[in-house]
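I have placed the structure first, in the form of structure tokens, so that the comments after it can refer back to it.
The values are calculated or read from the model by the stated rules, or taken from the named source; none is laboratory data. What you are looking at is a predicted structure, and each value in this text was computed from that prediction instead of being measured. All Cβ positions, even for glycine, are placed from backbone atoms using ideal geometry, and neighbour counts span all protein chains on display. For accessibility, only protein heavy atoms count, side chains too; no ligands or nucleic acids. Shrake-Rupley method; radii C 1.70, N 1.55, O 1.52, S 1.80 Å.
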Amino acid sequence: QVQLVESGGGLVQPGESLRLSCTASGFAFSSSAVGWDRQVSGKGRELIATLSSDGSHTTYADSVKGRFTISRDNTKKTVYLQMNSLKTEDTAVYYCNAWQSTTSYWGQGTQVTVSS
């Protein structure tokens with residue numbers, strides 16, 4: 001069955017780093033664009049980063065540009081989000097997404113809490 005499973009979330013202090021991973025199965029991951037979005041409790045989702053299927057093109061939200069890096073390994077069917085210089089404002093549930101022209105998939109999310 002189709003699955004995207006996020007991992008790597010947790011509790012960190014401001015200024016620290018986390019690396020999120022998302023493992024995919026059950027669909028053509030290598031031909032899908034991928035991305036990460038996040039949802040602060042009680043608010044809508046914000047698209048954070050995207051990456052083309054071949055890994056050549058990235059986009060980032062202004063709020064994370066210069067601090068977060070999205071990458072993928074198609075042989076492992078995994079997408080990563082390296083999160084550096086974390087701020088309290090980054091506290092959210094982070095979701096991995098993948099999409100093709102007619103289909104999209106998403107995971108259940110992983111909680112990231114940044115607090116002193």
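Over the stretch 1-55, give the accessible area per residue in Å² for a 1.4 Å probe, as an integer.
So the stretch 1-55 comes to 50 Å² accessible per residue, rounded to a whole number.
Go through the stretch 16-116 and name the trypsin sites (Lys or Arg not before Pro) that are in a DSSP coil and have 16 or fewer other Cβ atoms within 10 Å of their Cβ.
Sparse-neighbourhood loop trypsin sites (Lys or Arg not before Pro): LYS43, LYS65, ARG67, LYS76, LYS87.
Could you give the dipole magnitude of the chain about its Cα centre, charging the beta-carbon of Lys and Arg +1 and that of Asp and Glu -1, in debye to the nearest 20?
80
Once label points are set 7 Å from the Cα along Cα→Cβ at both SER30 and THR113, what is their separation, rounded to one decimal in nm?
4.0
Can you pull the accessible area of SER71 for me, 1.4 Å probe, Å² to the nearest 10?
50
P(r) tail for the stretch 23-81, what percent of Cα pairs lie past 14 Å?
Looking at the stretch 23-81, the distances longer than 14 Å represent 55 percent of pairs.
Normalised by the residues of the chain, what does the relative contact order come to in percent, with Cα pairs under 8 Å and at least six apart?
36
Accessible area of the chain with a 1.4 Å probe: how many percent of it is carbon plus sulfur?
Of all accessible area on the chain, carbon and sulfur atoms account for 46 percent.
Which of rounded, prolate or oblate describes the stretch 52-116 when judged by the alpha-carbon gyration tensor and an a/c cut-off of 1.5?
Since a/c reaches 1.5 and a/b is larger than b/c, the shape of the stretch 52-116 is classed as prolate.
Mind listing the long-range amide H neighbours of ALA33? Cut-off is under 5 Å, sequence gap 5 or more, other chains count too, H placed in the peptide plane at 1.01 Å from N.
SER53, TRP99
Which of SER30, ALA98, LEU81 sits closest to the plus end of the dipole of the stretch 22-106, meaning its Cα is farthest towards the positive end, when Lys and Arg get +1 and Asp and Glu get -1 on the C-beta?
Result: LEU81.
May I ask for the distance between the Cα centers of the stretch 10-49 and the stretch 64-106, given as a whole number of Å?
4
Using 0.36 nm times the number of residues separating ASP73 and SER56, minus their current alpha carbon distance, what extension gain do you get?
Length gained between ASP73 and SER56: 4.9 nm.
Please state, as a whole number in µm²/s, the translational diffusion coefficient that the Stokes-Einstein equation yields for the chain at 25 °C and 0.890 mPa s, with Rh defined as the Kirkwood radius across alpha carbon pairs.
Rounded, D is 174 µm²/s.
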